[in-house]
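Colleague: Take this structure first; my questions come after.
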Amino acid sequence: MNEHWHCIGCGVEIQTTDSDKIGYTPQAAFEKGLANEELYCQRCFRLRHYNEIQDVALTDNDFLQLLNEIGKTDALIVNVVDIFDFNGSLIPGLHRFVGDNPIIMVGNKVDVLPKSLKKPKMIQWMKERAFEQGLRPIEVLLTSAKKSQDIAQLLTIIEQYRKGRDVYIVGVTNVGKSTLINQIIKQATGVKELITTSRFPGTTLDKIEIPLDDGAVMIDTPGIIHRHQMAHYLGKKDLKLVAPQKEIKPKTYQLQPRQTLFFGGIARFDFIQGEKSSFTVYLANELLIHRTKLDNADSFYQKHVGELLQPPTTEELADFPELVRFEFSIKERSDLVFAGLGWITITKPGVIAGWAPKGVSVEIRKALI
């Protein structure tokens with residue numbers, strides 16, 4: 001493709017090489033579009049023909065510009081987070097930009113958490129964590145876009161607080177925001193004609209405007225890249241092992257001090273000091289866990305990473321960052337969180353350490369469970 005061709009839907013430059021980047025269209029579709037003089041990027045094509053929204057990612061500068069725009073409008077903000085990766089899917093500094101606009105916080109992917117968890121308790125926990133980040137959501141609810149759970153309730157709440165205003169839906173990449181919006185469109189059109197889906201005016205590179213029946217719009221914004229998530233350091237094959245696709249089955253380990261757990265080769269937990277205790281691990285079921293002595297842990301990792309300790313696979317080991325250590329002194333029941341991977345619940349006081357690829361955040365929070 002020597003010439004520059006642009007999508008007639010959003011104006012982005014068409015490219016046929018990278019399906020994860022803006023402007024992608026398959027080569028065959030590109031040639032067909034040229035012949036028919038109707039050249040769309042894949043995102044606009046799916047939107048036009050199937051009413052399906054595909055997420056795109058923003059750069060930091062684009063994101064700041066978008067946030068400043070939201071702050072100047074009178075709108076309702078719907079902030080979608082991944083309840084399994086709550087810490088890793090919060091938007092840094094969101095509270096500084098939304099101004100006086102009300103926020104609804106939606107915890108998506110509730111289907112991957114154990115069914116034994118009580119929703120009211122989780123919602124209260126989300127409110128407390130949001131307050132710590134400076135956010136004051138007027139409503140917090142849980143959904144599963146993948147399983148269409150509680151979408152009708154979300155629509156009712158949006159209508160309750162919208163009061164004729166536009167609605168901005170924001171979230172970092174990988175929270176399932178596009179799936180959620182597709183469910184909203186699907187359910188709303190079937191239930192009460194809330195959204196007109198036959199056309200999407202104002203479909204631009206940075207956002208998609210979905211008309212509401214009173215003249216306002218629901219605005220889907222691109223996913224914001226949160227660079228501290230594990231997903232940005234793994235290939236597609238490895239990502240399938242660490243991103244839960246179904247309900248996770250917690251695993252509990254009785255550990256003595258000076259014992260270590262490896263989570264594949266991508267993270268590590270050290271129990272350094274304290275009395276013998278139980279530690280419950282909340283990770284994707286497919287990720288293998290290995291226990292060893294802390295004194296041997298470094299050599300064990302060097303010997304087995306990429307083979308016994310996968311992911312990363314041997315092919316991806318060369319590009320995989322080194323593991324970085326974070327030490328914490330625990331005073332109360334807490335979670336040690338690896339952004340984008342999961343967490344470990346620590347029940348008794350002690351000293352522990354978490355290791356993750358350089359760039360991935362590791363932190364302590366009040367226990368979710």
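The values are calculated or read from the model by the stated rules, or taken from the named source; none is laboratory data. Computed from a predicted structure; not experimentally measured. All Cβ positions, even for glycine, are placed from backbone atoms using ideal geometry, and neighbour counts span all protein chains on display.
Colleague: For segment 71-95, how many residues are within 14 Å of the chain's Cα centre (by Cα) and among the β-branched types (V, I, T)?
Modeller: The qualifying residues number 4.
Colleague: Within segment 345-369, restricting attention to residues that are among the β-branched types (V, I, T), in contact with a Ser or Thr (Cβ under 7 Å, 6 or more places away or on another chain) and under 25 Å from L241 (Cα atoms), which residue is surrounded by the most Cβ atoms within 10 Å (Cβ to Cβ)?
Modeller: Of everything passing the filter in segment 345-369, I346 is surrounded by the most Cβ atoms within 10 Å (Cβ to Cβ).
So that you can scan it fast, the table gives a plain yes or no per residue for (1) of a type in the set (A, V, I, L, M, F, W, C); (2) at pLDDT 80 or above; (3) assigned to a helix (DSSP H, G or I):
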site	(1), (2), (3)
M1	yes, no, no
T17	no, yes, no
I22	yes, no, no
K32	no, yes, yes
A35	yes, yes, yes
Y40	no, yes, no
R48	no, no, yes
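Colleague: So for segment 54-73 (the condition being surrounded by 14 or more Cβ atoms within 10 Å (Cβ to Cβ), part of a helix (DSSP H, G or I), at pLDDT 80 or above and of a type in the set (G, A, S)), does at least one residue qualify?
Modeller: Looking for residues that are surrounded by 14 or more Cβ atoms within 10 Å (Cβ to Cβ), part of a helix (DSSP H, G or I), at pLDDT 80 or above and of a type in the set (G, A, S), one finds at least one in segment 54-73, hence yes.
Colleague: Tell me yes or no: at least one residue of segment 333-340 is of a type in the set (D, E, K, R), over 25 Å from D85 (Cα atoms), assigned to a strand (DSSP E or B) and at pLDDT 95 or above.
Modeller: no
Colleague: Still on this structure, I have one more. Scan segment 183-195 and tell me whether some residue there is at pLDDT 80 or above and either of a type outside the set (D, E) or crowded, with 19+ Cβ neighbours inside 10 Å (or both).
Modeller: Within segment 183-195, one or more residues are at pLDDT 80 or above and either of a type outside the set (D, E) or crowded, with 19+ Cβ neighbours inside 10 Å (or both).
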